[in-house]
Each structure stands twice: as C-alpha cells, then as structure tokens.
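Written below as structure tokens is the structure these notes are about.
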Amino acid sequence: MSTSTFNLDRLVRENVSKLKPYSSARDEFKDFNEDMVFLDANENPYNNGVNRYPDPQQITLKQHLSSVKRVPTDQILLGNGSDEVLDLLFRAFCEPKKDNVITLPPTYGMYSVLAATNDIANREVLLTEDFQPDVAQILEQVDHQTKILFLCSPNNPTANSFEAETITELLESFKGIVVIDEAYVDFMEGESWSTKLQQYPNLVIIQTLSKAYGLAGIRLGICYASAAIIAVLNKIKPPYNVNELTQKKALERILDFESVATEINSILKERDILSKVLLEVSFVEKIFPSEANFILARVDDADKRYNELIKKGIVVRNRSTQALCENTLRFTVGTSTENKKLIAALKELV
C-alpha cells in the first residue's frame with residue numbers, strides 16, 4: 001500500500017484529532033541535571049530512588065530498542081503491557097457504537113474484550129482449517145467503518161505463523177490499520193514485520209518483553225508503527241504510563257542479550273523434545289506445528305486429561321472452548337526439569 005492510498009486522518013476519531021494532549025512537568029522541562037533543583041512536579045523531595053516521576057517518553061529505553069530492532073525512536077511507543085497499547089489503538093481510532101474491527105478466531109482473547117470494553121463491534125472471521133487467515137472472507141466483512149484488522153502471528157493459541165503472502169495481500173487490500181501482534185516473534189524462524197514499516201503506512205506491530213525476555217512481571221508492551229500513528233497514540237497515553245522500575249529492569253534485560261539468546265535457544269530445544277514425546281503419548285491425537293514457546297495438542301478428552309494433570313500438580317491450558325480447537329490442550333514449554341515432570345506425568349496417565 002502506498003502512502004497516497006492510506007488516509008490516516010480518516011481513521012482518527014474526531015475528538016482525538018481535536019484533543020490537546022496533557023503536558024506533564026517532565027514534558028515541559030526535559031533537561032535533567034543532578035545539580036538542578038526540581039520544584040515543578042509536586043514530588044516528595046527526599047530521594048529514595050523512585051521519588052521522582054519517570055521519563056514520560058522512556059527515551060533511554062527507546063534508544064536501545066531502536067538499536068536492537070532497527071526502528072527509529074519516533075516510531076516506538078511503550079505501554080503498561082501490550083494490553084494498554086492495544087487499548088490505545090481502540091481509543092484512538094474506533095468510535096464507540098459506530099466503528100468495527102475484525103479478529104480471526106481462534107486468537108488472543110483480549111482483542112474481543114477490548115472491543116467490548118470500548119463498545120466497538122467485533123466482526124469475527126474464522127481461520128481456515130490449517131489456521132490461516134481467509135482473505136476473501138475478511139475483505140467481505142469490511143465496510144467504511146472497519147478501522148482495524150488484528151493478526152496474531154505467531155498465533156495464540158494455535159502457535160503457527162501466518163503465511164507472508166497472505167499478510168502482504170491483507171496489508172495491500174485493507175484500507176484501515178493492520179495490527180500484527182508479534183508476542184512470540186522471538187521463537188519463530190522468519191523476521192519481524194517491523195522491517196516492512198516504511199513500506200506499509202497502515203502497519204502496526206505489537207511486541208512484548210513478557211515472553212522471550214522473561215519479564216512478564218514488569219508489564220512492558222511495545223508498539224512499532226509510522227511516526228504519524230505513534231504521534232496519535234502519544235496524544236492519549238497516560239503521562240507516566242511506564243514506571244521507573246519497569247524502565248530500568250527492561251533496559252537491563254535488553255542489554256543482556258547473551259542471556260536472552262541462551263534462554264530462547266534452550267526453549268526451542270525443549271520445544272522440539274516435548275513435541276516428539278507428545279507424539280508418543282497414546283491419547284494425543286495431533287501436534288500442531290509451533291513457532292511459539294508453547295505447543296497445541298489435540299487429545300482424546302481435553303477436560304479429562306486437564307483434570308488428571310492438575311491432580312499430578314501440573315497446570316496446562318485447556319483451549320477446547322476456542323473455535324477450531326475442540327479437545328485441545330496448550331502446553332507452555334518449561335525448563336528441562338519441568339518438562340521432564342510433565343512427560344513423566346503423561347506416561348503415568350497412559
């Protein structure tokens with residue numbers, strides 16, 4: 001899609017276009033110097049390490065992310081988890097009771113929750129039997145009020161990536177914003193779609209430090225998009241949405257890329273081992289291909305097997321209520337020790 005055929009102004013809510021964003025104390029004076037006396041933000045003046053408000057734009061963290069991901073800092077937005085970033089997209093571009101979005105079940109459940117929370121119609125188009133987007137059916141659901149299309153790739157709970165040709169076709173055909181949720185990108189073989197940001201002005205990439213980076217507890221979501229889209233989201237984000245402790249821990253982890261790489265490689269090896277062993281379990285009927293840190297398996301009776309594993313002290317996820325996922329269990333890839341306990345438990349059940 002060329003820049004000339006994508007009209008961002010048409011997509012932005014009128015009230016957001018007219019909005020004058022809140023200006024915090026640190027927005028108005030950014031030149032931090034330890035010799036300066038800061039009496040502008042009504043903070044407690046006694047230093048305990050976190051008595052000052054954090055950088056509202058997370059500049060240092062964005063600079064390091066920019067270096068690692070090769071995305072300019074003005075094309076990065078950080079949020080309190082990916083869920084905040086997703087919610088900002090709804091609030092920036094979708095008019096309640098008027099607009100609609102498209103999601104592709106089975107997929108991440110928060111898309112539909114956020115749509116309902118923001119009073120936005122969610123038009124669901126089932127994936128195909130091999131868990132790929134049905135382009136014809138998706139485009140058939142589009143009208144002038146369709147603002148966002150959500151693609152989760154690698155997908156949760158199916159663990160597969162969507163075919164590049166399919167995503168390209170949607171990017172070029174859909175006139176709204178195409179959000180690709182790449183929470184599991186570090187576990188797949190291909191490269192991130194963030195490399196295509198300059199080519200597709202309607203592309204938004206969502207990533208997280210909760211999975212491969214092992215930072216689920218600090219809640220940091222990342223959005224990569226055009227500078228124009230990021231500017232719209234910055235207008236409505238809370239002024240200090242990413243706290244100081246999160247920023248420091250995230251920076252520390254991003255700089256420790258050797259440890260992260262080692263853990264990712266270990267998870268990939270364990271995923272292969274677990275996949276092979278699951279195939280040997282008599283009540284496992286099918287293992288779906290995985291490019292994530294989990295495996296989706298179809299079993300004879302998901303409710304029964306889930307409860308049996310619970311009794312053995314092992315918690316997996318029963319995904320049987322999801323579309324196209326009848327009698328499926330989702331196994332997160334654990335440590336070698338955890339996986340051995342799971343394997344032992346499965347063999348005992350047999």
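The values are calculated or read from the model by the stated rules, or taken from the named source; none is laboratory data. Since the structure is predicted, the reported quantities are computational estimates derived from the model, not experimental observations. Virtual Cβ from ideal backbone geometry, glycine too; neighbours counted across all protein chains shown. What goes into the accessible areas is simple: the full protein's heavy atoms, side chains included, and nothing from ligands, DNA or RNA. Shrake-Rupley method; radii C 1.70, N 1.55, O 1.52, S 1.80 Å.
Worth pointing out:
- Residue in segment 48-65 that is under 24 Å from PRO154 (Cα atoms) and out of contact with any helix residue (DSSP H, G or I) (no Cβ under 6 Å at 6 or more places or on another chain) present: yes
- Scanning segment 1-22 for residues that are open to solvent by 100 Å² or more (accessible area, probe 1.4 Å) and in a helix (DSSP H, G or I) turns up THR3, SER4, ASP9, GLU14, LYS18.
- Hits in segment 282-303 (condition: in contact with a strand residue (DSSP E or B) (Cβ under 8 Å, 6 or more places away or on another chain) and open to solvent by less than 40 Å² (accessible area, probe 1.4 Å)): PHE283, VAL284, ILE287, PHE288, SER290, ASN293, PHE294, ILE295, LEU296, ALA297, VAL299, ALA302
- Look at segment 268-289: where a residue is within 19 Å of LEU309 (Cα to Cα) and a partner is open to solvent by less than 80 Å² (accessible area, probe 1.4 Å) and assigned to a helix (DSSP H, G or I), sitting 6+ places away or on another chain with Cβ atoms under 6 Å, you get LEU274/ASN339; VAL277/ILE343; VAL281/LEU346; VAL284/LEU278; ILE287/SER275; ILE287/LEU278.
- Residue within segment 23-43 that is touching a Gly at 6+ places or on another chain (Cβ under 8 Å), in contact (Cβ under 8 Å) with a residue 24 or more places away in the chain and assigned to a loop (DSSP other than H, G, I, E, B) present: no
- Of ASN265, ASN307, all but one fail to be outside any loop (DSSP other than H, G, I, E, B), under 22 Å from the mean Cα position of the chain (by Cα) and surrounded by fewer than 18 Cβ atoms within 10 Å (Cβ to Cβ); the exception is ASN265.
- Checked against the criterion of being under 30 Å from GLN57 (Cα atoms), at pLDDT 95 or above, touching a helix residue (DSSP H, G or I) at 6+ places or on another chain (Cβ under 7 Å) and not aromatic (Phe, Trp, Tyr), the candidates ALA250, ALA261, ALA297 yield just one match: ALA250.
- Among the candidates THR195, THR166, THR208, the residue that is surrounded by fewer than 16 Cβ atoms within 10 Å (Cβ to Cβ) and of a type outside the set (Asp, Glu) is uniquely THR195.
- Residues that are open to solvent by less than 10 Å² (accessible area, probe 1.4 Å), under 26 Å from LEU197 (Cβ atoms), touching a residue at least 40 places away in the same chain (Cβ under 8 Å) and small (Gly, Ala, Ser) do not occur anywhere in segment 227-236.
- Contact map, segment 241-263: first residue more than 17 Å from THR208 (Cβ to Cβ), second residue buried (at least 18 other Cβ atoms within 10 Å of the Cβ) and not aromatic (Phe, Trp, Tyr), Cβ cut-off under 7 Å, separation 6 or more or different chains; pairs are GLU244/PRO54.
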